[in-house]
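K.L.:
Pasting a structure here, questions to come.
The values are calculated or read from the model by the stated rules, or taken from the named source; none is laboratory data. Just so we're clear, the structure is a prediction, and the values are computed from it rather than from any experiment. Every residue, glycine among them, receives a Cβ derived from its backbone with ideal geometry; neighbour counts consider all protein chains shown. Surface areas here come from the heavy atoms of the whole protein model, side chains and all, with no ligands, DNA or RNA. Shrake-Rupley method; radii C 1.70, N 1.55, O 1.52, S 1.80 Å.
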Amino acid sequence: DLFIKEVAREITTKAGQKCTAVRRIIVPEDRVEDVQIALGKRLAAAIIGDPAVEGVRMGSLAGMSQKAEVLEKIAELSRFQQIVIGDPGHFEVKGADKDKGAFLPPVVFYNDDPFHKTGVHDIEAFGPVSTIMPYKNLSEAIELAQMGKGSLVSSLVTADNAIAREYTLEAATQHGRILILHSDCA
C-alpha cells in the first residue's frame, strides 16, 4: 500500500514535471500484476483538471509545447513497451477544456525485458509517464537502477534492513539520494 501510494503521488504531483518524479518502477516479477492493478485503480481515481476545482488532484503540464514533447516521448517509449495504465487520447478533465489546456493523464508502461529493451533507461518524458519493469532478485533490481545512468533520487520500499543496506551500497554511485521507505513511514 505504501509503495502504491508513493508511486501514484510521484506520478501525479506537478503532473510528473519534477526532476525527482518516478520514471522507472522496478518491481519483483511475481508482484508486477498486483502492482499494475493497484496502481491502475489509484491513478484512475486521480481527478485531472483545474486545481481550483474541488476534488482535482492533478493539473496540466507547463504548456502546450511541453505536452507535445511528452506525447513524442510516449510515442518513442511505445516502440518497445506497452501502455498498461492510461490513454493519452481518452481521458476526462474537470473544470477545464481538455483540448485548450496542456492536460495529460498518468501513463504507465510495462517493459517485459528491461535488460534488452533498454530505451526506457534513456528516454525521459518529463510528465506523468512511468514504466513498470520486473526483476528476479536484488542483484537485478540494483542493475536496473544503475542502468538509468544516474538520477537525483532512488526510492526503495522494504522492511528488511539487509536489503536496504545492500541496495544502498550498490546503487549509491548512480543516485544523488536514496530514500528508504518501510511500514513505519506510513
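K.L.:
Could you identify the single residue in 24, 9 that is free of Cβ contacts under 8 Å to residues at least 60 places away in the same chain and among the charged types (D, E, K, R)?
P.N.:
9
K.L.:
Checking residue 27 against (1) closer than 14 Å to residue 110 by Cα; (2) in a helix (DSSP H, G or I): exactly one of these is not met. Which one?
P.N.:
(2)
K.L.:
Hey, another quick one. Any idea how many residues of region 146-159 are open to solvent by 70 Å² or more (accessible area, probe 1.4 Å) and either more than 17 Å from residue 27 (Cα to Cα) or over 20 Å from the mean Cα position of the chain (by Cα) (or both)?
P.N.:
Residues meeting the conditions: 3.
K.L.:
Between 16, 101, which is in contact (Cβ under 8 Å) with a residue 12 or more places away in the chain and more than 14 Å from residue 125 (Cα to Cα)?
P.N.:
On the way: 16 fails: more than 14 Å from residue 125 (Cα to Cα).
Step by step, each of 16, 101 is checked, and only 101 is in contact (Cβ under 8 Å) with a residue 12 or more places away in the chain and more than 14 Å from residue 125 (Cα to Cα).
K.L.:
Same structure, new question: Considering each of 72, 10, 76 in turn, give the residue that is under 22 Å from residue 124 (Cβ atoms), open to solvent by 80 Å² or more (accessible area, probe 1.4 Å) and in a helix (DSSP H, G or I). Explain how you work it out, then say what you get.
P.N.:
Numbers: 10 fails: open to solvent by 80 Å² or more (accessible area, probe 1.4 Å); 76 fails: open to solvent by 80 Å² or more (accessible area, probe 1.4 Å).
Unique residue meeting the criteria: 72.
K.L.:
Right, next: For region 44-54, state whether one or more residues are part of a helix (DSSP H, G or I) and within 21 Å of residue 113 (Cα to Cα). Spell out how you get there, then give the answer.
P.N.:
Looking only at region 44-54, we keep the residues that are part of a helix (DSSP H, G or I), and these are 44.
Keeping just the survivors that are within 21 Å of residue 113 (Cα to Cα) gives none.
No, that holds for no residue.
K.L.:
If we keep just the residues of region 111-132 that are in contact with a Pro (Cβ under 9 Å, 6 or more places away or on another chain) and surrounded by fewer than 20 Cβ atoms within 10 Å (Cβ to Cβ), which is farthest from residue 8 (Cα to Cα)?
P.N.:
113
K.L.:
Taking residue 135 as the residue in question, decide whether it is among the aromatic types (Phe, Trp, Tyr) and either open to solvent by less than 30 Å² (accessible area, probe 1.4 Å) or closer than 30 Å to residue 63 by Cβ (or both). Before you say what the answer is, go through the steps one by one.
P.N.:
On the way: among the aromatic types (Phe, Trp, Tyr): yes; either open to solvent by less than 30 Å² (accessible area, probe 1.4 Å) or closer than 30 Å to residue 63 by Cβ (or both): no.
So residue 135 fails the test.
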